[in-house]
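The values are calculated or read from the model by the stated rules, or taken from the named source; none is laboratory data. Treat the numbers as computed from the prediction; the structure is a model and nothing was measured. So basically every Cβ, Gly included, is an ideal-geometry build from the backbone, and we count neighbours across all protein chains shown. Please note that ligands, DNA and RNA were not included when accessible areas were found on the heavy atoms of the full protein model with its side chains. Shrake-Rupley method; radii C 1.70, N 1.55, O 1.52, S 1.80 Å.
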Amino acid sequence: MTYFDALETRSADARAADLATQLPAQIARAKGAAGFAALLGDVDPAAITSVADLATLPVLRKSDLSAAQAAHPPFGGFTVKPAHGFAHIFQSPGPIYEPGGVDHDWWRMGRFLHAAGVGAGDVVQNCFGYHLTPAGMIFENGARAVGAAVLPAGTGQTELQVTAARDVGATTYAGTPDYLKVILDKAETMGVTLGFKKAAVGGGALFPSLRQEYADRGISCLQCYATADLGNIAYESAAMQGMIVDEQVIVEIVTPGTGTPVAPGEVGEVVVTTLNRDYPLIRFATGDLSAVLPGESPCGRTNMRIKGWMGRADQTTKIKGMFVRPEQVAALVAKHPEIVKARVVATRDGEMDAMTVRIEATGGDEVTFGRSVVEVLKLKGAVEIIAPGSLPKDGLVIEDLRKYD
């Protein structure tokens, strides 16, 4: 077995020794940015040499980052160089702005693609979006790091996706877990045979039944856990026993809403510190839930493993690869005076995510509300108008009915 680099098989002592050197330098680098200078105060970077030391620092939440960016656009003072010093500037829903680079494996996605068996000789059909949000470029950067060619397909236009995959000989799919099925099913209706043998997916839950369907079609499908802010956090290898934490991030699992680490094995919120020199996010709270797995992966990679994405610490939910946030539901309600209350319900329709927006309203119609759903939530979904008082009084505005086991 070959590895992406020697970092993946370091001993625990070697990894800790490297961290003791890298972490103080990264904290010092972060303190050079105005946002972190205010957040970290009089913290002495030389005193932060371990994960335990990190736990003494404050947590940076996405809401904090969003507020800072609104006051000091575009990056809120959390980058070590100005906006024009980056190769790309991205916008994610919120809006949140993220910087991007084109240096070798800037988002560390190459490590995951290598673990998925992707390399020179492969053609990656990259079905992540290239418009405003960074996912497309994140995977393209990773594909370049492993020497693969890229078909920058983006999202939608499925018939053209099928034709292009056939014509260029695409061997690897990159995208959300369920869109590959859409492409494969369309190819069958068109009488086209495609050459996908590998799939590297993210941006949504990979359900066991869907992974098995791909396996039955001769496609090995592995998933990663990444965010627009942090890049790759953890990834599966062929062992498929948990997700291995990337070598250039530090993951803590904390009690949701706090910065306090949970006991080993307990479920908590994922907090990440990245060693990216350009964008040194320190103790960034993802809002995602996970837990640490004991031991090491059978594949020989020695870093800590987590169970993968286990839901959200708040009600924010990822549907069809896009986050839907409570504040978006509030904006939908505010948009129409006849709407009393609304709830987004996430379900599965076969192997695809589905969204229904249940709206308590005194008037209006499904077509008008449906247009507003697309405008505000950035996703299409079914609209169900119900009488005021029909929704449960449980405080939920986003309900996830999907099963993840």
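Answer yes or no as to whether residue 153 is open to solvent by 20 Å² or more (accessible area, probe 1.4 Å), modelled with pLDDT of 95 or more, closer than 28 Å to residue 323 by Cα and in contact with a Cys (Cβ under 9 Å, 6 or more places away or on another chain). Yes, satisfied. Does residue 112 qualify as being in contact (Cβ under 8 Å) with a residue 12 or more places away in the chain, buried (at least 20 other Cβ atoms within 10 Å of the Cβ) and touching an Asp or Glu at 6+ places or on another chain (Cβ under 9 Å)? Taking the combined requirement at face value, the residue satisfies it.
Scanning segment 369-395 for residues that are surrounded by 14 or more Cβ atoms within 10 Å (Cβ to Cβ) and over 23 Å from the mean Cα position of the chain (by Cα) yields 369, 370, 372, 382, 383, 384, 385, 386, 390, 391.
Restricting attention to segment 125-138, does a residue exist that is modelled with pLDDT of 95 or more, within 20 Å of residue 274 (Cα to Cα) and hydroxyl-bearing (Ser, Thr, Tyr)? Scanning segment 125-138 turns up no residue that is modelled with pLDDT of 95 or more, within 20 Å of residue 274 (Cα to Cα) and hydroxyl-bearing (Ser, Thr, Tyr). Return yes or no: is residue 98 surrounded by fewer than 19 Cβ atoms within 10 Å (Cβ to Cβ) and either more than 18 Å from the chain's Cα centre (by Cα) or within 27 Å of residue 276 (Cα to Cα) (or both)? Taking the combined requirement at face value, the residue does not satisfy it. Cβ-Cβ contacts under 6 Å between residues 6 or more apart (or on different chains), taken from a first residue in segment 9-35 that is surrounded by 13 or more Cβ atoms within 10 Å (Cβ to Cβ) to a second residue that is assigned to a helix (DSSP H, G or I), are listed as 24/45; 24/46; 27/45; 28/45; 30/36; 31/37; 31/40; 35/68. Just one residue in the set 256, 264, 177 is of a type outside the set (D, E, K, R) and open to solvent by less than 30 Å² (accessible area, probe 1.4 Å); that residue is 177. The single residue among 199, 187 that is under 17 Å from the mean Cα position of the chain (by Cα), hydrophobic (A, V, I, L, M, F, W, C) and open to solvent by less than 30 Å² (accessible area, probe 1.4 Å) turns out to be 199. Only one entry of 333, 345, 329 meets the criterion of being more than 22 Å from residue 201 (Cα to Cα) and at pLDDT 95 or above, and that entry is 345.
Report yes if residue 70 is at pLDDT below 95 and either of a type in the set (A, V, I, L, M, F, W, C) or over 23 Å from residue 254 (Cα atoms) (or both), otherwise no.
yes
For segment 137-150, residues that are surrounded by 20 or more Cβ atoms within 10 Å (Cβ to Cβ) and among the small types (Gly, Ala, Ser) total 4. Being among the polar types (S, T, N, Q), open to solvent by 10 Å² or more (accessible area, probe 1.4 Å) and part of a loop (DSSP other than H, G, I, E, B), is that true of even one residue in segment 74-91? Yes, the conditions are met somewhere in segment 74-91. Residues of segment 250-264 include none that is in a loop (DSSP other than H, G, I, E, B) and of a type in the set (Asp, Glu).
For residue 222, the stated conditions do not hold, so it cannot be described as outside any strand (DSSP E or B), of a type outside the set (S, T, N, Q) and touching a helix residue (DSSP H, G or I) at 6+ places or on another chain (Cβ under 8 Å).
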